[in-house]
Amino acid sequence: MEKIKPPSVAGTFYSENADKLKQDISFFQKDEDKIISSYSRAVIVPHAGLIYSGNLAYMGLSALKKELKTLFIFAPAHKMYFEGISLTGFDFWQTPLGNVEIDKKINEELKEFGFINDEAFKKEHSVEIQLPLIQTIFDNVKIVPVLIGKADYKTISKIIEKYYDNEDLGFIISSDLSHFLTYDEAKRVDNLTLSLIENLDIENFKPEFACNSIGIKGLIDFAKTKNWPLVVSGLYNSGDVTGETNRVVGYGAWALYEGNLNSFIKKYYSNFILSLSKLSIKSAYEPIKEKIEVPLIMKQKGASFVTLEKNGQLRGCIGSIGAYRPLIEDIISNAQNAAYKDPRFYPVQKEEIEELQIAVSLLSNPIPMNFKSEEDLLNQLIKDVDGLIIKDKEKSAVYLPSVWEQLPNKKEFLNNLKIKAGFTPDYFSDTFEAYRFRVEYIK
């Protein structure tokens, strides 16, 4: 006989009436055209009542690829203390929208890591609150509920690593952020959490930053092995919903991206960046009247170069070598400086703006190169791919990878960069430094 787990929090965390529940979820779908969907296989999403964090949870879960067949749900245990991780013995979990099937094969395999403990799930909301949203977004997907007690985050990363090669599987980390702080203090702590996740920083991630800090750290640990970013979808707290600011709970959503962060930004935000650059240049002559909705990802630190051309000729180029300020500020500043403060050109005139071709380069973090000689340095350089920064005796210079088009010979590339820095072409020393970086071009 099939074992079906009845709902535990229907009527409290979400409506127990199917029609009302569908109506509530449809509210989250009204801005679906603004949601970047179906690109990830691992997400972090909140698990408060739908009226509080449902909108953000829906956005986060929408990032999961729609063709996934089974979803792991790693959730924290709020109602029962136990060590390790608990698995379910049920065959189906029920919500007002119907039953969700347990992937019994994987559930059985996970006994290597945990044990069946249905009592722990009895009054728990952190798995169940995800199910109506999953039922709305996916067709006939199975789940593997995993409840986390006192456990090592490495257990979670090992499970993800073991199953990640199977492209039919997705992974959900169910977690709220800070708990019961004042509104301003919660914003400060949750922004710190945002920064730690952005930098894949496990060491400084404290348990009080999130109720499922173990699950989040497990996903971060896995992401570090792949050198993949966790891309933020949204961040707010219950005070933004209710207006109550004395005791709030923080909510955030992130998605694992199989690539680098700049390639994600290029893929989904190129039009925004080019429009922003042009608007920034225009602002010198006319005030910006329209309200600009800034994606949260653009507020993360980033480095850019803005290049202006007119009739195929360079008209200005200014940029940042390192990421020391929010990317949106970096692009705005570099666009304006390229237009009006490049010392090689007179300032762009108002009538020229519509004739400009704008290109924005997004730079990766520079990586120090270890070399024994100039020949060794040249051998390590990857033509057409690497940008290069050189430094010595308080002099420095940088070439973007695009310069390879004009200087395809490695020796010529380096010698001209030396001249740009103020050295002679044959200059080299024991203190000579070089850093390489990669670029995503937006034109």
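Observations on the model:
- In the set GLY234, GLY243, GLY215, GLY259, only one residue is at pLDDT 95 or above and touching a Ser or Thr at 6+ places or on another chain (Cβ under 9 Å); that residue is GLY215.
- Taking the range 364-391 as the range and being within 29 Å of ASN199 (Cα to Cα) and of a type in the set (D, E, K, R) as the test, the residues that pass are LYS383, ASP384, ASP386, LYS391.
- Residues being at pLDDT 95 or above, farther than 16 Å from VAL45 by Cα and either in the same structural domain as PRO326 (by TED's automatic domain parsing) or part of a strand (DSSP E or B) (or both) are represented in the range 156-173 by at least one member.
- Remark: pairs (first residue in the range 64-86, within 21 Å of VAL9 (Cα to Cα); second residue surrounded by fewer than 16 Cβ atoms within 10 Å (Cβ to Cβ); Cβ separation under 8 Å; 6+ apart in sequence or on different chains) = LYS79/LYS122; LYS79/LYS123; MET80/GLU119; TYR81/LYS150; SER86/PHE115; SER86/ILE116.
- Of all residue pairs spaced 6 or more apart or on separate chains, those with beta-carbon atoms under 9 Å, a first member in the range 198-218 that is on the phi > 0 side of the Ramachandran plot and a second member that is surrounded by fewer than 17 Cβ atoms within 10 Å (Cβ to Cβ) and not basic (Lys, Arg) are LEU200/ASN227.
- Breaking point among (1) farther than 14 Å from THR136 by Cα; (2) among the basic types (Lys, Arg); (3) at pLDDT 95 or above, for LYS34: (3)
- Residue tally, condition part of a helix (DSSP H, G or I) and touching a Gly at 6+ places or on another chain (Cβ under 6 Å), over the range 398-418: 1
- ILE332 vs. criteria over 30 Å from ALA210 (Cβ atoms) and in a helix (DSSP H, G or I): yes
- Complete set of residues in the range 310-337 that are among the small types (Gly, Ala, Ser), at negative phi and touching an Asp or Glu at 6+ places or on another chain (Cβ under 7 Å): SER320
- Flag if GLU352 is more than 24 Å from ASN415 (Cα to Cα) and not hydrophobic (A, V, I, L, M, F, W, C): yes
- Condition check for GLY250: in the same structural domain as VAL146 (by TED's automatic domain parsing), touching a Pro at 6+ places or on another chain (Cβ under 9 Å) and farther than 30 Å from GLY316 by Cβ: yes
- Complete set of residues in the range 271-325 that are part of a helix (DSSP H, G or I), hydroxyl-bearing (Ser, Thr, Tyr) and surrounded by fewer than 16 Cβ atoms within 10 Å (Cβ to Cβ): SER275
- The range 158-197, residues that are more than 18 Å from the chain's Cα centre (by Cα) and acidic (Asp, Glu): GLU161, ASP165, GLU167, ASP168, ASP184, GLU185
- Of all the numbered requirements in (1) free of Cβ contacts under 8 Å to residues at least 60 places away in the same chain; (2) surrounded by 15 or more Cβ atoms within 10 Å (Cβ to Cβ); (3) out of contact with any Lys or Arg (no Cβ under 7 Å at 6 or more places or on another chain), THR95 misses one, and that requirement is (1).
- Of all residues in the range 100-116, those that are surrounded by 16 or more Cβ atoms within 10 Å (Cβ to Cβ) and either more than 11 Å from PRO145 (Cβ to Cβ) or in contact with a helix residue (DSSP H, G or I) (Cβ under 9 Å, 6 or more places away or on another chain) (or both) total 5.
- For ILE265, the conditions (1) more than 30 Å from VAL43 (Cβ to Cβ); (2) assigned to a helix (DSSP H, G or I); (3) among the aliphatic types (A, V, I, L, M) all hold with the exception of (1).
The values are calculated or read from the model by the stated rules, or taken from the named source; none is laboratory data. Bear in mind that the values here come from a model prediction, so they are computed numbers and not experimental data. Methodologically, a virtual Cβ is constructed for each residue, glycine included, from the backbone with ideal geometry; neighbour enumeration extends over all protein chains shown.
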